[in-house]
Structure formats: C-alpha cells, structure tokens
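We did not get these values from a lab; they are worked out from the coordinates using the rules stated. All values reported here derive from a predicted model rather than from experimental measurement. Cβ: placed from backbone, ideal geometry, glycine included. Neighbour counts: every protein chain shown.
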Amino acid sequence: MPSLFQSSEHAELLRRIESLRPESPALWGRMQVAQMLAHCQAPLRVAIGDLPLERGLVGILFGRLAKMKLAGPKPFGRGMPTAPEFRVKDTRDFALEHRKLVELVRAFGRNGPEGLTKLPHPFFGPMTTGEWDTLQWKHLDHHLRQFGV
C-alpha cells in the first residue's frame with residue numbers, strides 16, 4: 001500500500017495535487033475542486049490532532065468494521081458517506097485551499113508517525129500508524145481520481 005511517509009510516494013501525491021487547476025472538472029460527485037481541497041484537509045487535521053472530534057454512537061457500533069474494509073487494498077468507491085464535519089458546501093478560494101492542503105500533506109509526511117494523534121479516530125476508533133497512513137493516502141487518492149489526476 002502506498003504511504004505518505006515514503007518520500008517517493010509522498011512526492012507523487014503532491015505532484016498530483018499540484019496538477020489541479022481552478023477549472024478542473026469533477027468526474028463524479030457534487031464538489032467543485034476548491035471544495036474538494038478544503039474537504040481533504042479535515043481528515044488530515046484529525047490525524048495530526050488539529051481537529052479533535054467526539055466519537056458518535058454509529059462509529060462506536062460500526063467504525064471498526066468499516067475501518068477493516070476501508071483499510072484494505074481496494075480503492076475507495078464512489079458515493080461513500082461523508083461525516084458532517086467534513087462536508088464543504090460553500091464556495092472556496094482555490095489558491096488558498098490548494099496551499100493549505102499542500103502544507104498539511106507536507107507536514108503529515110515530514111512529521112512522520114510521531115506527528116499522529118494518540119486520540120481515537122472519531123468514527124473508526126483506535127488507529128495504528130499504518131491505518132492512519134493508509135486511510136489518509138486512500139482518501140486523498142480517491143479525491144484526486146475524482147478530479148482526473
């Protein structure tokens with residue numbers, strides 16, 4: 001599985017983010033590219049502890065099973081549910097959101113496993129370093145594929 005902690009894979013993901021443009025069209029879904037860039041920041045902020053969220057009952061009941069499926073080798077599918085805290089419906093500035101996402105991805109890779117939160121994920125519960133890494137990479141890859149990069 002690719003890793004944001006591996007320099008070559010980290011660099012390739014950043015290259016894909018850099019190839020996005022304000023007019024990049026979505027191949028599926030409702031988000032515009034700037035909204036997607038803002039959306040992708042929230043899970044990274046959770047992973048590094050900048051956005052602590054409470055666990056809900058649904059996550060407590062089903063989070064572990066969902067984590068096992070999503071952390072597997074298959075890419076994320078289209079139409080997956082999004083946590084309300086991660087939804088972006090307002091208009092966003094592409095340049096600002098692009099810069100913020102690039103900074104978060106760089107910080108995630110630079111800080112390595114030591115930079116990850118020790119708190120449980122708000123939906124999936126306790127996470128290993130590998131699970132945090134895999135789920136962040138797969139989430140970013142999913143949305144970059146959504147915009148054709």
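Couplings 3J(HN,Hα) for the range 93-104, derived from phi with the Karplus relation 6.51 cos²θ - 1.76 cosθ + 1.60 (θ = phi - 60°), are 7, 4, 4, 5, 5, 4, 4, 5, 5, 4, 4, 5 Hz, where x marks Gly and Pro. Label point of L27 set 7 angstrom out along Cα-Cβ; within the range 131-149, amide nitrogens under 14 Å from it belong to 141-149.
Compared with the dominant Cα axis of the chain, that is its longest principal axis, helix 129-146 is turned about 30°. Across the chain, how large is the tail of the calculated P(r) beyond 20 Å, expressed as a percent of all Cα pairs? Distances greater than 20 Å cover 46 percent of the Cα pairs. All other residues whose Cβ lies under 15 angstrom from that of L13 are scored, Lys and Arg at +1 and Asp and Glu at -1, for a net of 0.
Placing pseudo-labels 7 Å out from each Cα toward the beta carbon at R64 and R110 gives an inter-label distance of 3.7 nm. Seen from all directions on average, the range 9-71 presents a Cα convex hull projection of 6.1 nm². Under a 5 Å amide H cut-off, with hydrogens placed 1.01 Å from N, L51 pairs with V46 among residues at least 5 apart or on other chains. Counting only Cβ charges, +1 for Lys and Arg and -1 for Asp and Glu, the dipole size of the range 47-129 around its Cα centre is about 360 debye. Which of F62, M1, I17 sits closest to the plus end of the dipole of the range 1-77, meaning its Cα is farthest towards the positive end, when Lys and Arg get +1 and Asp and Glu get -1 on the C-beta? The listed residue farthest towards the positive side: F62.
For the range 70-78, the Karplus equation 6.51 cos²θ - 1.76 cosθ + 1.60, evaluated at θ = phi - 60°, returns couplings of 6, 7, x, x, 6, x, 4, x, 6 Hz by residue, with Gly and Pro reported as x.
Based on the convex hull around the alpha carbon atoms, the range 74-149 presents an average projected area of 6.1 nm².
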